[in-house]
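Please treat every number below as a calculation from the coordinates, not as lab data. Note that the structure is predicted; figures quoted are calculated from it, not measured. Note that each Cβ is placed from the backbone with ideal geometry, even for glycine, and that neighbours are counted across all protein chains shown.
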Protein chains: 2
Amino acid sequence: MKGRILRDARKIFGEYGFHGTTTRMIAQKVGIDISTLYYHWGEKGDLYEAVVQDIFEDLRSKLVEIEHIIHGKPLADRLTIALDIMTDYLFENPEISNLTLYRYFTKTRHESVLEVKVPETMGNIAYSMGLVNDKKALPVDAKMKMLAMMNSIHNFISGEGFFKVLLDVDHEDYVRVVKETLGFVLIPAFTQATKAQDSSE
Amino acid sequence: MKGRILRDARKIFGEYGFHGTTTRMIAQKVGIDISTLYYHWGEKGDLYEAVVQDIFEDLRSKLVEIEHIIHGKPLADRLTIALDIMTDYLFENPEISNLTLYRYFTKTRHESVLEVKVPETMGNIAYSMGLVNDKKALPVDAKMKMLAMMNSIHNFISGEGFFKVLLDVDHEDYVRVVKETLGFVLIPAFTQATKAQDSSE
DNA sequence: GAATGTTTCCAGCGCTTGATGGAAACGCTT
DNA sequence: AAGCGTTTCCATCAAGCGCTGGAAACATTC
């Protein structure tokens with residue numbers, strides 16, 4: 001039950017944000033009494049934090065999974081495949097993108113645990129993309145490139161409803177142009193950078 | 001007074017979002033009685049919509065201004081200058097980025113006026129970036145590239161508080177790496193695409 | 001069958017929210 | 001001085017919020 005609440009809370013928080021979500025909405029979605037919700041999770045803020053933690057873990061393990069798949073392939077292929085898998089995954093779980101972006105402007109609370117793991121995860125992707133040789137000591141500019149990459153995807157996922165009417169396309173077409181656009185923007189940047197790096201060595 | 005309310009409401013909405021903002025917070029920020037606020041603007045939702053409209057107009061006129069400045073210059077320069085000016089502008093007015101991103105997942109209301117003007121504005125930038133020859137008939141993929149560009153900037157503006165601690169840099173350094181990263185990601189994509197287009201003609 | 005943990009139902013608490021009302025005062029023009 | 005638009009103060013409203021309490025029913029385990 002505790003897990004069921006977490007799963008549904010994630011959807012609701014992802015759709016309406018922290019302030020836009022009420023504990024009653026979550027209880028209704030799960031189909032339980034509000035008392036049951038408080039019995040398991042206590043404060044609304046604690047549940048929210050658990051949700052954030054949860055989506056981060058999912059995202060993290062997905063990145064590890066992708067890293068295994070693309071291992072050893074040429075850079076351009078690694079990027080294309082990674083973008084493809086990640087985009088599909090986030091389209092299936094848009095709350096992840098929503099909540100990630102929400103966290104950018106929502107007033108921060110304590111959130112101590114995350115700050116440690118984020119750099120580590122970023123280090124793994126950066127290494128996988130051939131940006132750095134050392135997974136541990138990640139320079140600022142490499143981190144920024146990782147962020148730019150992830151954010152580009154998140155935006156198109158979270159903005160689907162908004163952009164679809166703007167572009168006048170259906171879901172299927174939207175997914176396609178998102179992938180094309182991400183490829184268009186991201187692949188040249190990273191391949192070109194590596195080429196320049198190679199020729200200088 | 002009506003304008004003063006709009007200006008302050010913009011800041012508050014930009015910082016806390018629609019649900020996180022209360023009419024009393026706005027009144028306090030302006031330094032007026034809550035009755036005065038309702039005297040001028042009526043419903044909270046109407047004020048919010050006026051704010052959205054307002055930031056869109058600002059963004060629009062800024063884009064026109066940039067277009068004039070970069071007119072006639074080589075593509076790579078156009079991009080660099082445009083990114084530089086736009087980034088500075090948004091760092092000074094982060095509510096614009098915040099509210100723009102907020103609109104991506106916040107449940108849509110009517111908002112009829114915007115949908116007409118957005119494509120037009122995008123058409124101008126796309127033309128300015130050499131992506132299309134006709135400002136009017138803008139293909140979907142060109143729109144997507146414009147969105148990818150704008151969103152990349154907005155993210156780094158809205159996420160400043162979050163990313164700064166992650167990267168452990170101060171504001172000045174952050175602004176610098178943001179510009180570097182945007183240049184790194186966006187310039188190769190657009191210059192390379194144009195080169196390919198030129199050689200095929 | 002006693003004990004324990006879980007869930008429901010319901011009632012309610014204190015507080016904040018968006019929004020309205022009226023009376024009075026202010027500044028400004030005519 | 002009268003009129004008008006604006007602003008303040010204060011009181012208030014219904015509704016919703018996060019959250020708690022107790023009593024009873026259920027299932028599981030020992």
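Give the residue from A:TYR48, A:ILE70, B:VAL165 lying farthest towards the positive end of the charge dipole for the protein assembly as shown; charges sit on Cβ (+1 for Lys and Arg, -1 for Asp and Glu) and the dipole is referred to the Cα centre.
The residue sitting farthest along the positive end of the dipole is A:TYR48.
Quantify how strongly other chains surround peptide A:184-192 by giving the mean number of their Cβ atoms within 10 Å of each of its Cβ atoms.
Mean partner shielding for this stretch: 6.
For chain B, what is the calculated [θ] at 222 nm in deg cm²/dmol (nearest 500), taking -39500 (n - 2.57) for each run of four or more DSSP H residues and dividing by its residue count?
Computed mean residue ellipticity for chain B: -27000 deg cm²/dmol.
Can you give the charge dipole size of chain A about its Cα centre, rounded to the nearest 20 debye, using +1 on the beta carbon of Lys and Arg and -1 on the beta carbon of Asp and Glu?
Here the size comes out at about 440 debye.
Calculate the spin-label point distance for A:ASP173 paired with A:GLU92, positioning each point 7 Å from the Cα along the beta-carbon direction, and give it in nanometres.
2.6 nm
With the radius of gyration and the Kirkwood radius both derived from the Cα set of chain B, what is their ratio Rg to Rh?
On the way: Rg = 18.8 Å, Rh = 18.5 Å.
Radius of gyration over Kirkwood radius for chain B works out to 1.01.
In percent, what relative contact order does chain A have, based on Cα pairs under 8 Å that are 6 or more apart in sequence?
Rounded, it is 21 percent for chain A.
Put a label point 7 Å from Cα along the Cβ direction on B:HIS71, then list its distances to the equivalent points in the other copies in nm, shortest first.
For B:HIS71, the inter-copy label distances come out at 5.7 nm.
How high is the relative contact order of the range B:122-163, in percent, counting Cα pairs under 8 Å that sit 6 or more residues apart?
31 percent
Of A:MET1, A:ALA27, A:LEU37, which is farthest along the charge dipole of the range A:1-42 in the positive direction, counting Lys and Arg as +1 and Asp and Glu as -1 at C-beta?
Projecting each Cα onto the dipole axis, the largest value belongs to A:MET1.
Got a sec? Charge dipole of the protein assembly as shown, +1 on Cβ for Lys and Arg, -1 for Asp and Glu; which of B:PHE190, A:THR121, A:THR191 is way out at the positive end?
So the residue furthest toward the plus end is A:THR121.
When every alpha-carbon pair in the protein assembly as shown is counted, what percent end up more than 34 Å apart?
31 percent
Specify, per residue and in Å³, the volume enclosed by the convex hull of the alpha carbon atoms belonging to the range B:1-42.
Details: hull volume 2.3 nm³, N = 42.
In the range B:1-42, the Cα convex hull volume per residue is 55 Å³.
Between copies, how far apart are the A:ASP84 label points? List them in nm, one decimal, shortest first, with each point 7 Å from Cα toward Cβ, please?
4.0
Scan chain B and report its longest stretch carrying no trypsin sites (Lys or Arg not before Pro) that are both in a DSSP loop and have at most 12 other Cβ atoms within 10 Å. If you can, show how the numbers build up before the last one.
Details: sites that count: B:LYS107, B:ARG109, B:LYS136.
Result, exposed sites excluded: B:1-106.
Against the longest principal axis of chain A, how steep is helix A:113-128, in degrees 0 to 90 to the nearest 10, with axes from Cα atoms?
Once rounded, one gets 30 degrees.
If Lys and Arg each add +1 and Asp and Glu each add -1, what is the summed charge of the other residues whose beta carbon sits under 14 Å from the beta carbon of B:ARG4?
Around B:ARG4, the charge tally is +2.
Could you tell me how far the Cα centroid of the range A:1-49 sits from the Cα centroid of the range A:54-69, in Å?
That distance is 24 Å.
In nm, to one decimal, how far is the A:THR23 label point from the A:LYS62 one, both placed 7 Å along Cα→Cβ?
Here the modelled spin labels are 3.0 nm apart.
Give the angle, between 0 and 90 degrees and rounded to the nearest 10, that separates the Cα long axis of helix A:2-20 from the longest principal axis of the Cα atoms of chain A.
Taking the Cα atoms of chain A, the angle to A:2-20 is about 80 degrees.
With contacts defined as alpha carbon pairs under 8 Å and 6 or more residues apart, what's the relative contact order of the range A:1-42 in percent?
Taking the mean separation of contacting Cα pairs over the length of the range A:1-42, I get 41 percent.
Taking the Cα centre of the protein assembly as shown as origin, sum charge times position over the Cβ atoms of Lys and Arg (+1) and Asp and Glu (-1), and report the length of that vector in debye to the nearest 20.
620 debye
I need the calculated FRET efficiency for the pair B:ILE69 and B:GLU180, taking r as the beta carbon distance and R₀ as 22 Å, to the nearest 0.05.
Once the sixth-power term is evaluated, E becomes 0.60.
Past the 18 Å Cα-Cα mark, which pairs from A:LYS145/B:LYS179; A:LYS29/B:LYS44; A:LYS179/B:LYS164?
A:LYS29/B:LYS44; A:LYS179/B:LYS164
Determine the sum of side-chain charges near A:ASP54: Lys and Arg each +1, Asp and Glu each -1, restricted to other residues whose C-beta is under 9 angstrom from that of A:ASP54.
Net of charged neighbours comes to 0.
Take the alpha-carbon positions of the range B:18-69, form their convex hull, and give its projected area averaged over all directions (one quarter of the hull surface) in nm².
Hull-based average projected area comes out at 4.4 nm².
Which distances, in nm and shortest first, link the A:GLN53 label point to the same label point in every other copy, taking 7 Å along Cα→Cβ?
Ordered by distance, the counterparts are at 4.6 nm.
Return the average number of partner chain Cβ atoms within 10 angstrom of each residue Cβ along peptide A:139-151.
Mean inter-chain Cβ contacts per residue within 10 Å come to 6.
Taking chain A as the reference, fit the longest principal axis to its C-alpha atoms, fit the long axis of helix A:140-158 to the helix C-alpha atoms, and give the angle between the two in degrees, 0 to 90, nearest 10.
50 degrees
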